[in-house]
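Below is one structure, written out as structure tokens; the observations come after it.
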Amino acid sequence: MKRIFTLALCCGLFFAFFGTSCKKFENGQTVPAYIHIDSITLDPNLDYNTYGANTTNITDAWVYVDDQIIGCYELPATFPVLKNGRHKVSIYGGIKVGGISASRAPYPFYQPRIYKAEEAINLVEDSIVILNPIINYYSIDDIKMQWKEDFESGSITLNAMAESDTALVRVSGNEALLLADFPEFSAYSGKVVLPPDSLHFYLSSFNELKELPTNGDYCMLELDYNCNAPFTVGMIYCTNYLEKEAPLVTIQPTDTVNALPHRWKKIYINIGPICVEHEDASYFKVYLTSHVYNSIEDGYVEKVPDYQRYYYFDNLKLISR
């Protein structure tokens, strides 16, 4: 899939650059310069108390040169730029919204890394400039942390509901998501275990979220997870004093072969459309659940799996403008 994506980008760039006259090249340039980006990382000096953990799943680089888009590239990537000399280069961290490869976008709450003025990138034809940008969230004056749960406090804001067959517990040690940059803030994660005779869990955020944007702006849920069975993330919305569910994404199991630290994944989920669709809701909540169904001709019946299921969660963040 990555090769197809890269090939499509290269083909598009080829026809865009070479399908027109060479007079469009700067100073008669006919050979491109190249930029190589291995990865885009979040600032290791991030203020944990304000923004939470610096875990990311940045898969793409959205690149602009002199404020003109060059392309979106799956990382790591080497790509041509038909310019030479010093230029302003802006790099935005890109994600797969909802974990879907076809839904790639710059993450709206990460600032771009901008190389300008004395940092301007010197592009030389047939040469490669290597960049490994470090980025950060936008200022807390520009974004709003609507909800954050990292399980480090004894007061947890993600609770099992009455219909849940099991509770959420805090775990530590090798079961927790241990962060090298924030060891003092990564001692705990949340865990749910469903034995073979249990049907499902149902967790909901405790706080009633009443200030989510209903004008179409991005509102993103970040979630680190590690599981051996699918689960669903959705929103509860309350209208006329009745709570209803709006499922968003069903998340598939992570790696169960490698050591625990390598099984964790991160996902970004856009809840903005739910907020718009239910703009008259008096409040919202986030929910996580693992309802299991077995399809039959006359409907759906719940079927209990014959193996123990586990689900780990950490670093939930709900962010808006």
Q) Using a 1.4 angstrom probe and counting only protein chains, how large is the accessible area of Y73 in Å², to 10? A) 10 Å²
Q: Enter the angle in degrees (range 0 to 90, nearest 10) between the Cα long axis of helix 2-18 and the first principal axis of the Cα atoms of the chain, meaning the one along which they spread out most.
A: 30 degrees
Q) For the chain, with only Lys/Arg (+1) and Asp/Glu (-1) charged at the beta-carbon, what is the dipole magnitude about the Cα centre, in debye rounded to 20? A) 920 debye
Q) In percent, what relative contact order does the chain have, based on Cα pairs under 8 Å that are 6 or more apart in sequence? A) 19 percent
Q. What's the percent breakdown of Cα-Cα distances in the range 211-273 across 10 Å bins, shortest bin first?
A. 18, 41, 26, 12, 2
**Q.** Accessible surface, 1.4 Å probe, highest first, among residues Y307, Y34, Y241
**A.** Y241, Y307, Y34
Q) Which ³J(HN,Hα) values in Hz, rounded to whole numbers, follow from the phi angles of the range 253-270 under the Karplus curve 6.51 cos²θ - 1.76 cosθ + 1.60, where θ = phi - 60° and Gly and Pro get x? A) x, 8, 4, 10, 9, 6, 4, 3, x, 8, 8, 6, 10, 10, 9, 10, 10, 8
Q | Placed amide H near F231: partners under 5 Å, 5+ positions off or other chain | A | I251
Q: Divide, for the range 46-102, the radius of gyration over alpha carbons by 2.2 N^0.38 Å, where N is the residue count.
A: 1.41
Q: Would you compute, from DSSP H runs of 4+ residues alone, the mean residue ellipticity of the chain at 222 nm, taking -39500 (n - 2.57) per run and dividing by the full residue count, rounded to the nearest 500?
A: -2500 deg cm²/dmol
Q. Amide H to amide H, which residues 5 or more places from L158 or on other chains are under 5 Å from it, using H placed in the peptide plane?
A. F206
(Q) Please report the equivalent ellipsoid semi-axes of the range 58-175, computed as sqrt(5 x eigenvalue) of the Cα gyration tensor, largest first, in whole Å. (A) 40, 16, 13
**Q.** Descending Cα extents along the principal axes, the chain, whole Å
**A.** 71, 48, 45
Q: Can you tell me the relative contact order of the range 76-122? Whole percent, Cα pairs under 8 Å, sequence separation 6 or more.
A: 45 percent
Q) If one puts a single equal scatterer on every Cα of the range 142-265 and applies the Debye formula without solvent, what log₁₀ I(q)/I(0) results at q = 0.10 Å⁻¹? A) -0.38
Q | Three principal axis lengths of the range 246-285 [C-alpha, angstrom, descending] | A | 46, 14, 13
Q. Check L42: other-chain or 5+ apart residues with amide H under 5 Å from its amide H, H built from backbone geometry?
A. I135
**Q.** the range 73-222, relative contact order [Cα under 8 Å, separation at least 6], %
**A.** 17 percent
Q | Surrounding net charge for K88, when Lys and Arg each add one and Asp and Glu each subtract one, Cβ distance under 11 Å | A | 0
(Q) With every protein chain left in place and a probe of 1.4 Å, what is the accessible surface of L131, to the nearest 10 Å²? (A) 10 Å²
Q) Any idea of the accessible area per residue across the chain, 1.4 Å probe, to the nearest Å²? A) 49 Å²
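The values are calculated or read from the model by the stated rules, or taken from the named source; none is laboratory data. Source: prediction; values computed, not measured. Neighbour counts run over all protein chains shown; Cβ positions are idealised from the backbone, glycine included. Surface accessibility is based on the protein's heavy atoms, side chains included, excluding ligands, DNA and RNA. Shrake-Rupley method; radii C 1.70, N 1.55, O 1.52, S 1.80 Å.
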